[in-house]
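Encoded as structure tokens, the structure appears first; notes follow it.
Please treat every number below as a calculation from the coordinates, not as lab data. Small disclaimer: the values here were computed from a predicted structure and weren't measured. When we count neighbours, we look across all protein chains shown, and the Cβ atoms used for this are built from the backbone with ideal geometry, even at glycine.
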Ligand SMILES: Cc1ncc(C[n+]2csc(CCOP(=O)(O)OP(=O)(O)O)c2C)c(N)n1
Ligand code: SF4
Ligand SMILES: [Mg+2]
């Protein structure tokens, strides 16, 4: 039996059937590590289904701070007979399998190199509880209790969390703690506790929070002063609107009248959702919507209108595995081009690419400022992994001197004082014209918004030169946008090769880079955070011989965008893609990157020199 | 926002209560075909707004795509207007209205824009009870794309010759009644005497108001053998310059008494049987209105007038429970929950 020993470095995976009530017990365990001061990375791997299909919950605990997926599993809680064989196979040699020993295990496929920990969960539950529902639910809590003993999770921490979750419902708290205790006692009695793979309290998380990206985006919209949301349900974006609804209801209800300082409309489809957002922004409110790939396709016609008629739009795209319905509960970064170049005609959009929940919050707020400053759609491109899984993150903060930027709006006073308003005139030479809100002034500032040809004065035109002049200005505005989107995060020590990545590749990349360093590979890094690409991005790429472009889609979309926008020699951009729907692992990155680098004689030579 | 009066006009020119002249409600010169019914509807809108003393800048005009949807340029030049995308006017008005409930919303659409590509959005805006005037300028064809059948086609089929439209027509009035609209009227572009009051009623109605306004297209219609049929035009089309096919046409006008019918000769010679509601017609009974419409349909008559009204209105903002002030007028101070609230939210994630 291989000897597996570790303190505060482990991957724990739960295999369950969805709809069995396992989610709350599993996340209880996940949060308990965090409460013990340990960095965690919980990932929910769930089916597009309500009941009966396999679902997994994987928790990475890492004292070193590696919270991305590592690959392979140390401790498996195998509660799903459908996937049992596969779950057993995923364990590392020396790993631990916790299973329900009510029925004897099928000896077929038994591994000699892992440890079996049988607990008769069903039997215990049946003898303890009358109702079928209780038997099912408490079975989950019983294994959580067993894990407390096996992994040395502080029992009090679990009790505290239950107390917070069911605050005021003492009976429920009591019965849950009782179930925990049952599991704990059983494990203590029959097994050597704790296992050699275990945890221990540390003070490593400080003021950090454990939160999902979608909550952060929804809350960001509240803090940005968004008052209107139009939306249509789609996984994995729905919880953005749920969060906005929850926080707005709590924080934005007028105390005296009880009425709301926001309006949310569930639309009949995504076309209507984006139409509402356009109408509301046109009318002077901050409005947004959230969707995923299929919704982006439906919104495309309207996005072209907003681009050309220059109406602010905030659109959150929580990407999932496409094309079509694809694997709707799996993650990908595959809507990049669909977002960047959404719509017909020559249109291009501003993208923000958050990688962590605090960036989700910050960029959510920023997207409203940029949309209004630039008078154009801004698409916050998140993904399922970031949006729906909890991550350890810096707290969400707003600068104390923050004021919203409503952009160039000619108000009543300006118009009254002789400001000469023409809707599409570039008076500041940054490509951005002035707009007015409907209802501002009885005689001045009204204009007609249209998707058809218009000249710089806002008049209808079918004259080629006038049309072109306006389209050229829009290009100029896009250059302005490149100076306003968040700058990339760069580590440049003058090495010849670099990795370029964005979004949720961050966490596993941090780990992969450390591992690569240990193996003698040394790479500069750039993490993109916005589109259009800024001068800094081009300068970085041009300083390096070769740039490995890492992304979570099949077609290397980011690499294409770099080639399109920067006219970069394709040979210098080496594509590393991972797109099976699972969050990228450090293991994969190390293998893929070393594979590329050592293939190349020049690199091998440099490494050995 | 301001209600300041515009510059003084010549004293001899008639003004409304607010001091605006009719001129102040006009827009730029129409580029529609001469005699197009849509222009008569614009004129009726101008008159209605003038007579209602609406400050023009407090009106927002929003449309889809089509000849009809072009018309917001031709009335209320001092109002903001928005010519959006085909069939999606309802969603744009919805967003605009949520943002600012204080403006008056005039949505303009065509029968193609509403009954085909925009049918979904139409149904849902009725359900949402948005406070607006939804004007369908219904000519039974796709004017702007040169005369294909629309889903409301054949309101005159009883007397029309040629190949009948093989598809059942969509009656927007019946749809609206079913979906809970609280103000439902049918007008005819050529009957200003009837149309202006219908528009005034709709603009004053504090909820969703639909006017399905029959509005003949002088250039296209779909009868075999007609020189303006889609087939004919397609065969004889000189690309781009559709104007070649536009004969000078006079706007069709009618003037008849309540409770009577009138047959209107359309530009292509076909007849339209309009029937004006009886004076004792009860517009407050939804069930009766639906039956009445079905009876008319059987008799090949098109009922015009105020078909249904329910003054007891719930508006979308009542459903949303929004504050009194327009959301767009709220300052950041009122919208920002503050740093303490954020800190306690952070704490909830620890
Ligand atoms: C997405 C889309 N599809 C098709 C068109 C082409 N199109 C423009 S107007 C129109 C029909 C308009 O018919 P209707 O709404 O009845 O207006 P009318 O011109 O008859 O007043 C069509 C199909 C378009 N503009 N957009
Ligand atoms: S084509 Fe028909 S609907 Fe269009 S402007 Fe001419 S008459 Fe009016
Ligand atoms: Mg039409």
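Of note:
- Within the protein assembly as shown, helix-based [θ] at 222 nm, where runs of 4 or more DSSP H residues each add -39,500 (n - 2.57), nearest 500: -11000 deg cm²/dmol
- Centroid-to-centroid separation of region A:10-72 and region B:18-66 [C-alpha atoms, Å]: 62 Å
- Residue exposure sequence - A:432, A:172 - by fewest surrounding Cβ within 10 Å: A:172, A:432
- The spacing between region A:156-186 and region B:89-146, judged by their C-alpha centroids, is 55 Å.
- Fraction of antiparallel bridges per DSSP, the protein assembly as shown only, in percent to nearest 5: 30 percent
- Structural descriptor for region A:6-198: relative contact order 22 percent, calculated from alpha carbon pairs under 8 angstrom and at least 6 residues apart.
- Fewest-first ranking of B:290, A:209, B:13, B:62, using other Cβ atoms within 10 Å as the exposure measure: B:13, B:290, A:209, B:62
- FRET E, pair residue A:337, residue B:148, Förster distance 35 Å, beta-carbon r, rounded to 0.05: 0.55
- Seen from every direction in turn and averaged, the convex hull around the alpha carbons of region A:292-451 projects onto 11.3 nm².
- Rounded to 10°, Cα long-axis angle of helix A:238-251 versus longest principal axis of chain A: 80 degrees
- Axis angle, to the nearest 10 degrees, between helix A:22-35 and the longest C-alpha principal axis of chain A: 90 degrees.
- Cα gyration tensor category, rounded, prolate or oblate, for region A:6-198 with a/c compared to 1.5: rounded
- Modelled FRET efficiency - R0 30 Å, residue A:110 with residue A:166, Cβ distances, 0.05 increments: 0.15
- Cα-based values for chain A, radius of gyration first and Dmax second, are 26.8, 88 Å.
- Taking all Cα pairs closer than 8 Å and separated by 6 or more residues, the relative contact order of chain A comes to 12 percent.
- Ranking of A:412, A:66, B:332 by count of other Cβ atoms within 10 Å, fewest first: B:332, A:412, A:66
- Principal-axis tilt of helix A:506-518 within chain A, Cα atoms, nearest 10 degrees: 70 degrees
- For the segment A:426-439, counting C-beta atoms of other chains within 10 Å of every residue's C-beta and taking the mean gives 3.
- Whether region A:1-88 is rounded, prolate or oblate, judged on the alpha carbon gyration tensor where a/c under 1.5 counts as rounded: oblate
- Three-way shape call for region A:211-393 based on the alpha-carbon gyration tensor, with the a/c threshold at 1.5: oblate
- Here residue A:189 and residue A:554 are evaluated by their C-beta separation; at R0 = 51 Å the FRET efficiency comes out at 0.50.
- Relative contact order (%) - region A:489-608, alpha-carbon pairs under 8 angstrom, separation at least six: 30 percent
- Cα centroid separation, region A:335-363 to region A:373-404: 12 Å.
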